[in-house]
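To start, the structure under review is shown below, and the notes come after it.
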Amino acid sequence: MSDLNNVKVILFDLDGTLIDSVSQLYLAVQAALNAHQLPAVSLEQVKEWIGNGAEVLLKRAMCRQYHFHDVDEVLFLQVKADFDHHYHAGIDKDYSLYPFVPETLSALAQAGYSLAVVTNKPDEFVQPLLQSAGIAQFFSHTLGGGRLPAKKPDPMPLHYLCEQFNVKPTETLMVGDSKNDIQAARAAGIPVVGLSYGYNHGEPIENCQPDWVLHRFDELASLLALK
């Protein structure tokens with residue numbers, strides 16, 4: 001078990017960790033598919049397909065399966081443009097913060113931890129969503145998909161944020177809800193918390209063997225022994 005006494009920086013995933021955005025994503029996916037007369041998908045399917053960024057989500061939706069095959073690139077770019085339009089237009093609705101997120105983030109910040117978001121969600125949507133949810137002020141760095149050449153589960157985004165904060169991996173904690181978060185943290189040498197309430201492609205987070213499994217967001221404060 002990793003030692004948390006040296007932790008200075010906490011990195012958070014976004015969708016499925018801080019914010020339940022599945023309805024928001026589903027509506028944008030459905031609108032994009034409808035615009036091109038493609039078969040509809042269900043909310044539960046979209047929930048299982050979240051986690052690898054919008055492009056992978058859309059390709060899964062276009063193929064109607066998790067392990068998607070090649071799609072027509074011209075059609076994909078058109079569907080992606082429609083998705084971006086609808087998602088941007090609906091960024092301030094059809095989502096909810098998970099219980100205890102604002103107060104726990106506030107407690108962590110007051111305790112002296114530096115906080116950041118690292119997500120595969122396209123970078124242009126990260127700040128607008130955090131601002132709409134009223135939690136943007138807690139994060140000194142945010143890093144979305146597309147800013148770097150690689151996304152989670154590659155450790156590159158986590159290494160990048162360690163460099164930005166000038167901390168070692170052992171001085172960092174990753175908090176997420178999916179195997180992408182666990183695998184990225186493992187590869188980066190960062191201890192990791194897995195949250196059981198998120199998406200994780202329909203698989204229990206325990207199967208991914210994080211260092212700790214938490215069932216509520218405020219349990220993070222107890223784990224870090226905050227008063």
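The values are calculated or read from the model by the stated rules, or taken from the named source; none is laboratory data. All values derive from a computational prediction rather than experimental measurement. Positions of Cβ are generated from backbone atoms using ideal geometry, with glycine treated the same way; all protein chains shown enter the neighbour counts.
Of all residues in region 117-166 being of a type in the set (Ser, Thr, Tyr), under 30 Å from residue 94 (Cα atoms) and out of contact with any Pro (no Cβ under 9 Å at 6 or more places or on another chain), which is surrounded by the fewest Cβ atoms within 10 Å (Cβ to Cβ)? Filtering region 117-166 for residues that are of a type in the set (Ser, Thr, Tyr), under 30 Å from residue 94 (Cα atoms) and out of contact with any Pro (no Cβ under 9 Å at 6 or more places or on another chain), the one surrounded by the fewest Cβ atoms within 10 Å (Cβ to Cβ) comes out as 140. If you go through region 119-151 and keep only what is assigned to a helix (DSSP H, G or I) and polar (S, T, N, Q), you end up with 127, 131, 132, 137. Consider region 191-227 and keep the residues that are surrounded by 22 or more Cβ atoms within 10 Å (Cβ to Cβ) and in a helix (DSSP H, G or I). The one that is nearest to the chain's Cα centre (by Cα) is 200. None of 104, 119 is more than 30 Å from residue 149 (Cα to Cα) and either among the aromatic types (Phe, Trp, Tyr) or modelled with pLDDT of 95 or more (or both) except 104.
When the criteria are applied in full, residue 114 fails the requirement of being over 16 Å from the mean Cα position of the chain (by Cα), surrounded by fewer than 16 Cβ atoms within 10 Å (Cβ to Cβ), touching a residue at least 24 places away in the same chain (Cβ under 8 Å) and within 14 Å of residue 10 (Cβ to Cβ).
Among the residues of region 103-131, those identified as more than 24 Å from residue 183 (Cα to Cα) and polar (S, T, N, Q) are 104, 106, 110, 127, 131. Listed conditions (1) in contact with an Asp or Glu (Cβ under 8 Å, 6 or more places away or on another chain); (2) outside the structural domain of residue 128 (by TED's automatic domain parsing); (3) surrounded by fewer than 18 Cβ atoms within 10 Å (Cβ to Cβ); (4) not hydrophobic (A, V, I, L, M, F, W, C) are all met by residue 99, apart from (2).
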